[in-house]
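J.: Quick one: this structure, given as C-alpha cells, is what I'll be asking you about.
Every number here is computed from the coordinates shown, using simple stated rules; none is lab data. Note that the coordinates shown come from a computational prediction; the quantities given were computed from them, not determined experimentally. Every residue, glycine among them, receives a Cβ derived from its backbone with ideal geometry; neighbour counts consider all protein chains shown.
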Amino acid sequence: MKITDLRCAVIGKHPIVRIVTDEGLYGLGEVEYTKPYLKPWVLHFRDALIGEDPTDVERVMLKIRQRGSFKPYGAAVSAIEHALWDIAGKAANVPVYKLLGGKVRDKVRVYNGSVRKARAGDRPEDFAADVKWMAEQPQGFFMVKQGISFHSSMKTTQEDFHYGVRQPPTYHGAMDQGQISEHSFNYMLDCVIAMKEALGDKVSLALDCGPGWFLNDAIRFARAVEKYNLMWLEDMLTGDYVPWVNPQAYRELTTSTTTPIHTGEQIYLRHNFKELIETQAVRVIGPDPADIGGIAELKWVTEHAYMHSIMMAPHGTANGLLGLGALINVCATLPANYIAFEYPSASDPWWNDIVIGLPDGPIVKNSHVDLLPAPGLGLDIDAVGAKKYLKEEDAGFFDA
C-alpha cells in the first residue's frame with residue numbers, strides 16, 4: 001500500500017487531515033478548532049508522505065517528527081500520525097487500540113472540561129453556580145475543571161489582578177504574567193471555597209490556572225488550597241502556547257505542597273517530558289495527543305510516567321469529535337496511572353450529524369465512554385453531509 005495524497009480542509013473551524021492510498025483506504029485526523037491557520041503547515045508535509053506505506057507508521061513519522069514543535073505546530077504532525085494509525089487499523093480490520101498492545105479497560109473515564117455555558121460573572125457565587133451546573137449534567141462527570149487566575153476572565157475583570165504587563169485579549173495564546181495582588185489572591189481562595197462547597201466530595205474539582213504565575217505566588221496558593229483536596233492545579237508556571245518546560249521551577253513547586261501539580265498540554269514529543277518525569281517535577285502530566293506528536297508519543301510518555309508514579313490525564317478540550325476517536329483508542333491501552341481524559345465537545349452542533357461511528361445514545365455515561373468497535377480510530381465523516389461546510393478550494397477533499 002502506498003500513500004497517493006495528503007489533503008487538509010478546514011471544516012467549520014477544524015483542519016481535517018485526509019491521507020489517501022492506492023488501495024482505496026484513507027485515514028482521518030483532526031486539528032483542534034483554535035488552529036485553522038495550520039492548514040498550510042499540514043500540507044507542506046505532502047511531498048514527504050507520497051509513496052510511503054502508511055501502515056509503517058513509525059517509519060513515516062521518522063521523516064516528519066523532527067519538523068514539528070511545541071503547541072501549536074506539533075498539531076500538524078499529530079493529526080498526520082492519527083490518520084496513519086487510522087489507515088493501519090483499517091488495513092488490519094481492527095481498532096487502533098489492538099495495534100497499540102490491546103485494551104486494558106472496556107470503558108474509558110473522562111472528565112468535564114468542555115461541556116459549559118456562559119458564566120454569569122466572576123463572583124465566587126458565580127463560579128460555584130457554574131461548577132454545580134457542570135456537575136449536574138447528564139454525563140455524570142466524576143470531575144469538573146474550572147479556569148481561574150490567568151486562565152480566566154478574572155485577570156481582566158478584577159481590578160489590579162496582577163502587577164505585570166497586560167496582553168490584549170485579541171490574540172489567542174497571548175500570556176499575561178505578573179505578581180498577583182493580595183486582594184486578588186484572597187478573592188481566588190474565596191472562589192475555591194465556594195466551588196468546593198457547591199461540589200462537596202462527590203464530584204472532584206481541578207483548576208486550570210495559567211500560565212502566568214511566578215513561583216512565589218504558586219507556592220503560596222498551592223499550600224493555601226491543600227485542605228480542599230483539589231485534583232490538581234494545572235499550568236501555573238508554563239502551559240498553553242509556552243514553548244519551554246521549566247522543570248526545575250515545577251519541581252520546587254511540587255515538593256513545596258501536597259496539592260498535585262499538573263502540566264504538559266503544550267509539550268511536543270516524549271523528549272521534552274523526560275526531565276519533568278525523571279526529576280518528579282509534577283504529580284500529573286496532561287499531554288494532548290493532538291499536540292504531543294500523536295498517540296504513540298502519548299502512550300510512551302504515559303508508560304515512562306507510570307514507572308515514576310506520576311499520574312496521566314490527557315488534555316483534549318477542543319479536539320472535536322474525530323479527535324475523540326484518537327483519545328479513546330490510546331487511553332484504552334494506558335496503564336494504571338491513567339486518571340481520565342478531558343472530554344472534547346463538537347465546536348458546532350452539526351458535527352454530531354456528520355460524524356459516523358458515534359453511539360446512538362449518549363456518548364458519555366457515568367463519566368465513561370465506550371470503546372469504538374469500528375476498525376481504525378473508529379470514526380468517519382459523512383462526505384455528503386459535510387460537503388456544504390467545505391470551501392470551494394476544498395471541493396475534492398472527499399474524492400477517492
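J.: Let me spell out the model: positive unit charges on the Cβ of Lys and Arg, negative unit charges on the Cβ of Asp and Glu, origin at the Cα centre of the chain. What dipole size does that give, in debye rounded to 20?
T.: In debye, rounded to 20, the chain gives about 400.
J.: What ³J(HN,Hα) values, in whole Hz, does the Karplus curve 6.51 cos²θ - 1.76 cosθ + 1.60 give for region 88-101 when θ = phi - 60°, with x put for Gly and Pro?
T.: Karplus-based 3J(HN,Hα) across region 88-101 equals 4, x, 5, 5, 8, 6, 9, x, 4, 4, 5, 7, 9, x Hz.
J.: Once each part is reduced to its C-alpha centroid, what is the distance from region 360-400 to region 67-88 in angstrom?
T.: 18
J.: Something else: Between region 101-141 and region 313-329, how far is it from one alpha carbon centroid to the other, in angstrom?
T.: If we compute the Cα centre of each part, the gap is 15 Å.
J.: What is the sum of charges around Asp380, taking Lys and Arg as +1, Asp and Glu as -1, for the other residues whose C-beta is under 11 Å from the C-beta of Asp380? Working shown, then result.
T.: Values: positive: Arg18, Lys90; negative: Asp86, Asp382.
It works out to a net charge of 0.
J.: Name the residues whose placed amide hydrogens come within less than 5 Å of the amide hydrogen of Tyr338, ignoring near sequence neighbours (fewer than 5 apart) on the same chain.
T.: Answer set, sorted by chain and number: Met312.
J.: Let me ask something else about it. Ranking request for peptides 84-90, 5-11, 390-396: highest mean number of other beta-carbon atoms within 10 Å first, then the rest in descending order. Walk me through the numbers on the way to the answer.
T.: On the way: 84-90: 26.6, 5-11: 21.0, 390-396: 11.7.
My ranking of the peptides, most packed first, is 84-90, 5-11, 390-396.
J.: In addition: Quickly rank 371-381, 120-130 as a protection proxy: mean count of other C-beta atoms within 10 Å, highest first. Before the final figure, lay out the partial values.
T.: Numbers: 371-381: 20.8, 120-130: 17.0.
The densest-packed peptide leads the list: 371-381, 120-130.
J.: For a quick check: with amide H placed at 1.01 Å from N, whose amide H comes under 5 Å from Ile381's, ignoring anything fewer than 5 positions away on the same chain?
T.: Counting only residues 5 or more places away or on other chains, the set is Ile356.
J.: So, one more: In whole Å, what are the extents of region 140-224 along the principal axes defined by its C-alpha atoms, from largest to smallest?
T.: The Cα atoms of region 140-224 stretch 39, 27, 21 Å along their principal axes.
J.: Where the convex hull is taken over the Cα atoms of the chain, what is its projected area averaged over directions, in nm²?
T.: Numbers: hull surface 72.4 nm².
Answer in nm², one decimal: 18.1.
J.: For Tyr111, enumerate residues with amide H under 5 Å from its amide H, sequence gap 5+ or separate chain, H modeled in the peptide plane.
T.: Amide H to amide H, under 5 Å and 5 or more residues apart or across chains, Tyr111 pairs with Phe341, Glu342, Tyr343.
J.: Under 1.5 on a/c is rounded, so check that first for region 268-352, then, if it is not, pick prolate when a/b is larger than b/c and oblate when it is not; a ≥ b ≥ c are the square roots of the alpha carbon gyration tensor eigenvalues.
T.: On the way: a/c = 2.34, a/b = 2.11, b/c = 1.11.
It comes out prolate by the Cα gyration axes.
J.: Among the lysines, which have Cα under 16 Å from the Cα of Lys103 when same-chain residues fewer than 8 positions away are ignored?
T.: Output for Lys103: Lys299.
J.: Oh, and also: For a quick protection proxy, order the peptides 66-72, 198-204 by their average other-Cβ count within 10 Å, most packed first. It would help to have the intermediate numbers written out before the result.
T.: Numbers: 66-72: 19.1, 198-204: 14.6.
Ranking the peptides 66-72, 198-204 by packing returns 66-72, 198-204.
J.: Relative to the compact-globule scaling 2.2 N^0.38 Å, provide the ratio for the alpha-carbon radius of gyration of region 1-125.
T.: On the way: Rg = 17.2 Å, N = 125, 2.2 N^0.38 = 13.8 Å.
Cα-based Rg divided by the globular estimate yields 1.25.
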